[in-house]
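One structure is given here, and the rest of the page talks about it.
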Ligand SMILES: Nc1ncnc2c1ncn2[C@@H]1O[C@H](COP(=O)(O)OP(=O)(O)OP(=O)(O)O)[C@@H](O)[C@H]1O
Ligand SMILES: [Mg+2]
């Protein structure tokens, strides 16, 4: 399977923004990329979920049950949200949906939930899903203070599972000044050996964000 597994150092770091921008930019450049959110936890009825956004970025033509096999009510780790509902998340069902989407597209972008070791099923974390999918992993990380440690921990967890690291994208989710920002990319590369592929700015304008992040990522992330 060709594509990327998009994880992050935490929840709310920018996986969906980066994944949607990558998918839309690749499609605009002529590469038919599909997108998937294997488990969506906590999207309120009527609210645009990550899965809805990813499906739309990928052209809107894929069956919702393939884009997101598990929709769960509680805003919790998927394994915990599923347990509360008396449901069981199965890796094989997610892999079947991913395979079906991959067959409909030239490449597939899969967004995790939270970070790499978030529990997905009673037995497996999102790292196990990345291993099963066999996709290289893109790590989205906060651009600000604390990110060097978070990226280093994630890189160690990837290496322990022999997961291929596609690279790190630093993303600013807050406008506030942070004196660590100019230093973080070089420090992450020095400490971990990982490549920082892009450092994305904070962008106020929601309407233009997908396009502007796509421009900032152009040519920097390979599928
Ligand atoms: N570059 C940016 N500029 C401005 N706001 C941003 C930027 N990147 C992300 N955000 C905002 O930060 C919040 C978190 O981003 P996002 O939803 O992409 O995170 P996530 O990692 O996908 O979270 P989750 O773990 O819930 O899936 C959102 O409100 C998003 O609009
Ligand atoms: Mg998200």
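The values are calculated or read from the model by the stated rules, or taken from the named source; none is laboratory data. In this text the structure is predicted, and so the values were computed from the model without any measurement. Here the Cβ is made from the backbone with ideal geometry for all residues, glycine too, and neighbour counts use every protein chain on show.
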*Under 6 Å by Cβ, and 6 or more places apart or on different chains, what pairs join a residue from the range 68-79 that is surrounded by fewer than 21 Cβ atoms within 10 Å (Cβ to Cβ) with one that is part of a helix (DSSP H, G or I) and modelled with pLDDT of 95 or more?*
74/81; 74/84
*Residue list for the range 184-211, filter: under 18 Å from residue 53 (Cα atoms), part of a helix (DSSP H, G or I) and more than 18 Å from the chain's Cα centre (by Cα)*: 206, 207, 208
*On the given criteria, is residue 34 within 25 Å of residue 153 (Cα to Cα), touching a helix residue (DSSP H, G or I) at 6+ places or on another chain (Cβ under 8 Å) and away from ligand 2 (no atom under 15 Å from the Cβ)?*
no
*asked:* Among the residues that make up the range 130-148, is at least one of them out of contact with any helix residue (DSSP H, G or I) (no Cβ under 7 Å at 6 or more places or on another chain), in contact (Cβ under 8 Å) with a residue 40 or more places away in the chain, within 19 Å of residue 222 (Cβ to Cβ) and surrounded by fewer than 17 Cβ atoms within 10 Å (Cβ to Cβ)?
replied: yes
_residue 176 - would you say it is more than 17 Å from residue 109 (Cβ to Cβ), more than 16 Å from ligand 2 (Cβ to nearest atom), out of contact with any helix residue (DSSP H, G or I) (no Cβ under 9 Å at 6 or more places or on another chain) and not in a loop (DSSP other than H, G, I, E, B)?_
no
